[in-house]
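Undergrad: Got a structure here, written out as structure tokens. Questions coming.
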Amino acid sequence: MRTGSDFNGHSSKPWISFLCLCLGIVTLLLSGCAEKQENKVYKIGVVNLAKAFDPILEGFKSGMEDAGYVEGQNIEYIYEGPAANPDALNAVIADLRSKQVDLVLSFGTLATLRSKEGLDGTNIPIVFGPVTDPVASGIVTELMKPGGNITGIQTGNPTPKRLEWLLRFAPNVKQISVFHNPNDNSSIQALAALKETAPIFNIDLAVYEASTSEEIQAKLDALPEDTDAIFVLASAVFEANIGNFIATANERKIPLAAPATANVWEGALTGYGHDNILLGQQASRLAYQILRGSKPSNLPVETADLVVSINLKTADIIDLAIPDDALSAADIIIR
């Protein structure tokens with residue numbers, strides 16, 4: 001029997017001492033790393049084109065705080081409000097790049113595409129939302145494995161279903177004026193789906209292209225008298241000008257179908273789409289996984305929950321009686 005010695009009969013105690021010393025050093029290093037991680041203040045940059053998307057950040061902050069990332073303590077948000085126009089996005093992204101933020105949060109398809117281009121070659125991850133179809137837009141390679149340094153929340157293409165809900169709330173609508181931004185992939189995809197769906201319901205579409213505030217207002221001012229409803233496709237520039245659409249629709253006493261729930265709270269008659277605050281909370285769950293070491297390329301793109309909303313105050317303004325069966329099926333009723 002051998003006691004306290006190795007195979008050659010030499011004492012093993014020096015080796016045990018050396019092993020303990022190594023373990024002690026490793027423990028100290030890990031402790032130091034953990035303390036450094038705990039004391040780090042993470043910088044989150046925001047890229048946005050529409051004030052209507054601001055509630056996404058509100059939901060995001062709420063979700064991050066629930067996960068232990070408290071603004072003013074261990075997380076900082078770099079955001080000075082929506083960019084004035086698409087051309088201003090490049091400067092915003094360049095600034096975030098120079099500040100070496102830990103993560104970029106981008107709102108909408110165009111802002112996300114610009115962020116991806118502007119942050120190419122860096123290690124800065126991107127979490128996006130809402131984006132209609134991130135694969136078709138060239139943002140990710142596939143939903144399950146996005147690839148690159150980016151992931152986020154898609155809405156899918158709810159446009160056909162939104163048309164169905166508009167017709168349930170306003171069955172007499174036949175002629176719809178559609179606002180389309182030819183410079184936005186979300187709008188392009190939505191228009192294609194709408195054109196496929198409209199003939200099923202014998203709906204005539206008059207498409208108006210606009211990509212600036214001035215073009216939007218000019219087209220609104222020139223709407224023909226036989227317009228039964230306004231249908232706004234998904235685009236950040238339309239979200240930024242939703243007040244103009246609401247004012248025109250109310251003045252003309254016609255329904256306005258908008259892409260997001262927030263637009264209905266602002267005064268659009270109806271919408272079928274995502275809720276911005278809930279989407280922000282959903283995006284936060286992807287973000288804090290990334291901050292804790294997960295690779296965006298391994299985090300599948302998630303799909304936002306979509307809800308039907310109706311604003312009864314607006315229905316009163318435009319003298320529209322909402323059928324009881326349609327009203328009872330709505331998820332959100334604004335009275």
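Undergrad: Roughly what percent of Cα-Cα pairs across the stretch 215-335 reach past 25 Å? If you can, show how the numbers build up before the last one.
TA: Numbers: 2522 of 7260 pairs.
Distances greater than 25 Å cover 35 percent of the Cα pairs.
Undergrad: If I stretch the segment between Glu71 and Asn39 completely, what's the gain in nm (0.36 nm per residue apart, minus their alpha carbon distance), one decimal?
TA: On the way: separation 32, 0.36 × 32 = 11.52 nm, distance 1.34 nm.
In short, 10.2 nm is gained.
Undergrad: If I stretch the segment between Ser98 and Ala84 completely, what's the gain in nm (0.36 nm per residue apart, minus their alpha carbon distance), one decimal?
TA: Values: separation 14, 0.36 × 14 = 5.04 nm, distance 2.04 nm.
So the chain would gain 3.0 nm between Ser98 and Ala84.
Undergrad: What's the whole-number percent of alpha carbon pairs in the stretch 172-234 lying beyond 16 angstrom?
TA: Value for the stretch 172-234: 42 percent of Cα pairs lie more than 16 Å apart.
Undergrad: Only loop residues by DSSP count here, and only those with at most 16 other Cβ atoms within 10 Å; note down the trypsin sites (Lys or Arg not before Pro) in the stretch 197-270 that meet that.
TA: Taking the stretch 197-270 and a limit of 16 other Cβ atoms within 10 Å, the loop trypsin sites (Lys or Arg not before Pro) found are Lys253.
Undergrad: Okay, next question. Please tell me the relative contact order of the stretch 170-262 in percent, rounded to the nearest whole number, where contacts are Cα pairs under 8 Å and at least six residues apart.
TA: In percent, rounded to a whole number, it is 35.
Undergrad: Any of Lys195/Lys313; Lys51/Lys145; Lys253/Lys313; Lys174/Lys253; Lys174/Lys195 with alpha carbons more than 21 Å apart? Name them for me.
TA: Lys195/Lys313; Lys51/Lys145
Undergrad: I've got another one for you. Assuming 0.36 nm per residue, please report the length gained on full extension of the stretch Asp325 to Asn244 beyond their Cα-Cα distance.
TA: That pair, Asp325 and Asn244, stretches by 26.1 nm at full extension.
Undergrad: Largest first and in whole Å, what are the equivalent-ellipsoid semi-axes of the stretch 251-298 based on the Cα gyration tensor, each being the root of 5 times an eigenvalue? Let's see the in-between values first.
TA: On the way: eigenvalues 254, 16, 7 Å².
Taking √(5λ) for each Cα gyration eigenvalue gives 36, 9, 6 Å.
Undergrad: Okay, moving on. Can you tell which of Ile322, Ile200, Ile230 shows the greatest fluctuation in a Gaussian network model of the chain with Cα springs below 10 Å?
TA: Among Ile322, Ile200, Ile230, the largest GNM mean-square fluctuation belongs to Ile200.
Undergrad: Shifting gears a bit: Would you work out the Kirkwood radius for the chain? I mean one over the mean of 1/r across all pairs of different Cα atoms, in Å.
TA: Numbers: mean 1/r = 0.0454 Å⁻¹.
Mean inverse Cα-Cα distance, inverted, gives 22.0 Å.
Undergrad: Kindly provide the helix-only [θ] at 222 nm of the chain, computed as the sum of -39,500 (n - 2.57) over DSSP H runs of four or more divided by all residues, to the nearest 500 deg cm²/dmol?
TA: -13000 deg cm²/dmol
Undergrad: Less than 13 Å apart at the alpha-carbon level, and either on another chain or at least 8 residues along: which aspartates and glutamates does that give for Lys99?
TA: Qualifying aspartates and glutamates at Cα under 13 Å: Glu76.
Undergrad: Additional query: Extent of the stretch 123-266 along each principal axis, from alpha carbon coordinates, in Å, largest to smallest?
TA: 53, 33, 26
Undergrad: Right, next: Write down the percent of antiparallel bridges among all DSSP beta bridges whose residues are both part of the chain, to the nearest 5.
TA: 15
Undergrad: Could you sort 171-177, 270-276 so that the peptide with the highest average Cβ count within 10 Å comes first and the rest follow in order?
TA: In descending order of packing, they fall as 270-276, 171-177.
Undergrad: Need one value: the accessible area of Asp325 in square angstrom, 1.4 angstrom probe, rounded to the nearest 10.
TA: 100
Undergrad: Okay, next question. With r defined as the distance between the Cβ atoms of Asp305 and Glu196 and R0 fixed at 25 Å, what FRET efficiency is calculated, to the nearest 0.05?
TA: With a Förster radius of 25 Å, E is 0.55.
Undergrad: Something else about it: Taking 8 Å as the Cα distance limit and 6 or more residues as the minimum spacing, I'd like the relative contact order of the chain as a percentage.
TA: 19
The values are calculated or read from the model by the stated rules, or taken from the named source; none is laboratory data. Remember, it's a predicted structure, so these values are computed and weren't measured experimentally. Every residue, glycine among them, receives a Cβ derived from its backbone with ideal geometry; neighbour counts consider all protein chains shown. For accessibility, only protein heavy atoms count, side chains too; no ligands or nucleic acids. Shrake-Rupley method; radii C 1.70, N 1.55, O 1.52, S 1.80 Å.
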